[in-house]
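The structure appears right after this line, and notes come after that.
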Amino acid sequence: MTHNYSRTELIFNAIENLLLEEGRESLTYAKISERCYLHTNTITYYFNGKEDMMIQFFQYIVDRDNANMPEFFTRVPAGLTPVEAFNELIDYIVEGGHLVSKTRRLLNLYLLPYVDISDAVKKLLSSVHNASSASEYAAIQMYNALGIIEESRIRESFADLTLASSGYSLIQLFGVKCIDHRLALHHTKERLRRSFLKDEYYREREYRE
């Protein structure tokens, strides 16, 4: 079945491919026009300047990512127990699942080389981060409703989870050196599981080199 793309979708697909293949400097109206087969006047008609175009593009990518969020965020996948699904959720969050998503990869390609970021783009980055945190917290509450979470520890455990995920993100994004980081990652996830799960549901997982 074919997809009937809107003109803005054609423009956003062209921006995405250019950014991935040629980098930020390729995002000229002329090159975008070549990729989506639309006149530059048609492209500029839909946006209030280039920054507005890029903000709308990233919102489009964020919405697309959210629509394809891993199943264990909203339900227990078939074939898994609630605890097994929760363990997958912890692995995903701590190891920066949101960070390595298409949204974050494109944002990094667009923003990392540049120091001067406008207030509008800062607001966008903040909304992306807040949306990720909100979806993670909602997932924790879903497992809490299934009766496997120690409710009295949710606040402190989630704060620890957020900090751990941010720390590991530095390793992924910037190549920060951390001695035995795989071992540290294992023990971090074990600590979080032990904190989140009710005692009767926690089973320590062995570390393998």
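The angle between the Cα long axis of helix 102-111 and the longest principal axis of the Cα atoms of the chain comes to about 60 degrees, rounded to the nearest 10. Couplings for the stretch 31-39, taken from phi via the Karplus curve 6.51 cos²θ - 1.76 cosθ + 1.60 with θ = phi - 60°, read 5, 4, 4, 4, 6, 9, 6, 10, 5 Hz in order; Gly and Pro are left as x.
Where only DSSP H runs of four or more residues are counted, the chain gives -21000 deg cm²/dmol as its mean residue ellipticity at 222 nm, each run worth -39500 (n - 2.57).
3J(HN,Hα) couplings calculated from phi for the stretch 192-206 with the Karplus curve 6.51 cos²θ - 1.76 cosθ + 1.60 (θ = phi - 60°) are, in sequence order, 5, 4, 4, 6, 6, 7, 4, 3, 6, 9, 7, 10, 5, 9, 6 Hz; Gly and Pro show x. Taking 37 °C and 0.692 mPa s as conditions, the chain diffuses translationally at an estimated 170 µm²/s according to Stokes-Einstein applied to its Kirkwood radius (Cα pairs). Taking other Cβ atoms within 10 Å as a rough exposure proxy, I148, I61 sort from fewest to most as I148, I61. What's the whole-number percent of alpha carbon pairs in the stretch 50-92 lying beyond 12 angstrom? Cα-Cα pairs in the stretch 50-92 separated by more than 12 Å: 65 percent. In this structure the amide hydrogen of L197, modeled in the peptide plane, comes within under 5 Å of the amide hydrogens of E150, none closer than 5 places in sequence on its chain. A Förster radius of 41 Å combined with the Cβ-Cβ distance from Y37 to L146 puts the calculated FRET efficiency at roughly 0.25. If I fit a long axis through the Cα atoms of helix 154-174 and take the longest principal axis of the Cα atoms of the chain, what angle between them do I get, 0 to 90°, rounded to 10? Approximately 50 degrees, to the nearest 10.
Classify the stretch 132-209 as rounded, prolate or oblate from the Cα gyration tensor: take a ≥ b ≥ c as the square roots of its eigenvalues, call it rounded if a/c is under 1.5, otherwise prolate when a/b beats b/c and oblate if not. In terms of gyration-tensor shape, oblate. Using Cβ point charges alone (K and R +1, D and E -1), the dipole size of the chain about the Cα centre works out to roughly 160 debye. Residues H186, H39, arranged from fewest to most other Cβ atoms within 10 angstrom of their Cβ, appear as H39, H186.
Taken one residue at a time, the phi angles of the stretch 139-151 give Karplus couplings (6.51, -1.76, 1.60, θ = phi - 60°) of 5, 4, 5, 5, 6, 4, 5, 7, x, 9, 9, 7, 4 Hz. Gly and Pro are set to x. Taking the stretch 1-107 on its own, what percent of its Cα-Cα pair distances exceed 22 Å? Looking at the stretch 1-107, the distances longer than 22 Å represent 44 percent of pairs.
Calculate how large, on average over all directions, the projected area of the Cα convex hull of the stretch 7-46 is; give the answer in nm² to one decimal.
It is 2.3 nm².
Neighbour counting of Cβ atoms within 10 Å sorts the residues C178, C36, fewest neighbours leading, into C178, C36.
Contact order for the stretch 7-46, expressed relative to its length and based on alpha carbon pairs under 8 Å spaced 6+ residues apart, stands at 40 percent.
None of the figures in this text is laboratory data; all of them are computed from the coordinates on show. Only a predicted model underlies this, so the values are computations on that prediction, with no experimental measurement involved. Cβ sites come from the backbone with ideal geometry, for glycine too, and all protein chains shown count toward neighbours.
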